[in-house]
Amino acid sequence: MGADHPTGTTAVDDPLRHVTVREAAGERDAFYLAHLWSRWFGTEYEHGDRYSSGRLPYPLCRVAGWEVDAEPDHLDAYGVVVEHDPSDRDCVVQIGGGLVTIDTPAKTMESLPDGGFDAEALVGDRNAWLWFGVVDESWRGLGLGRRLFERRLRWARDQDADMAFAFGWEHDGRTSRPLFEAFGFVPVERFQRLYEGDRDVCPECGALPSNDATCTCAGVVWAKSQ
Ligand SMILES: [Zn+2]
């Protein structure tokens, strides 16, 4: 590095040069996303047999490529994974991922918390839901969360979603607000305890499957007209 590289970044030290952001496909990706969803939000899936009798939340069956009896709530689903493939090691490591579904109006009404807003007026015909977008701690701050957003929103547009929704988690002054605003989302309502009584896993506030606590973090309902 020197005067030739005023930005301080060369091809050699670019931290993202072995990182790929791609569509999730197949069972390995589907179970990785299930793991993220479960670890961060307590969404249940059965641990154990990964490839034969393992169970997945319905939208992830689509990602795994499994045939499922169609339930009308989730019309379609799309996952994205972030992978690191270091050239000096023979392994590919998943370092982040996200999921988006297209949901029916009824399912969307059910997913929205009761608040001071008119849910019925907000809900569209085809509603994109960004369920989670998680990047491993050591890979944060490099724009990967933004790329998870981009990929999912692009897919949602291609699916003719007319609305997009997400819950923005807020904890200890940390907020995903700038990211939502950058993508044109508007805050519908902030809930001081959005997940209380419901989400029994939260690595941030100490809700664990082994205790009776539920998440006490704040959250914002975000919406975007596509
Ligand atoms: Zn929490």
Q. Under 5 Å between amide H atoms, partner at least 5 residues away or on a different chain: which partners does CYS217 have, H built in plane at 1.01 Å?
A. TYR195
Q: Assuming a ≥ b ≥ c are the square roots of the Cα gyration tensor eigenvalues, decide whether region 19-225 counts as rounded (a/c under 1.5), prolate (otherwise, with a/b larger than b/c) or oblate.
A: rounded
**Q.** Around ASP160: net Lys/Arg minus Asp/Glu count, Cβ-Cβ under 11 Å
**A.** -2
Q: Report the full-extension gain for the segment MET109 to ASP85: residue separation times 0.36 nm, less the Cα-Cα distance, to one decimal in nm.
A: 4.6 nm
Q) When only alpha-carbon atoms count, how far does region 112-212 stretch along each of its three principal axes, as whole angstroms with the largest first? A) 41, 35, 23
Q. Counting Lys and Arg as +1 and Asp and Glu as -1, what is the net charge of the other residues whose Cβ lies under 13 Å from the Cβ of ARG147?
A. +3
Q. Using the per-residue mean of other Cβ atoms lying within 10 Å as a proxy for protection, in what order, highest first, do the peptides 94-105, 121-132, 17-28 fall?
A. 94-105, 121-132, 17-28
Q. Amide H of GLU189: which non-local residues (sequence gap of 5 or more, or other chain) have their own amide H closer than 5 Å, using H built in the peptide plane?
A. VAL221
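Taken together, the values in this text are just the output of simple stated rules run on the coordinates, not laboratory data. Computed from a prediction, not measured in an experiment: that's the story for all the values here. Here Cβ is always computed from backbone atoms with ideal geometry, including for glycine, and neighbour counts include all displayed protein chains.
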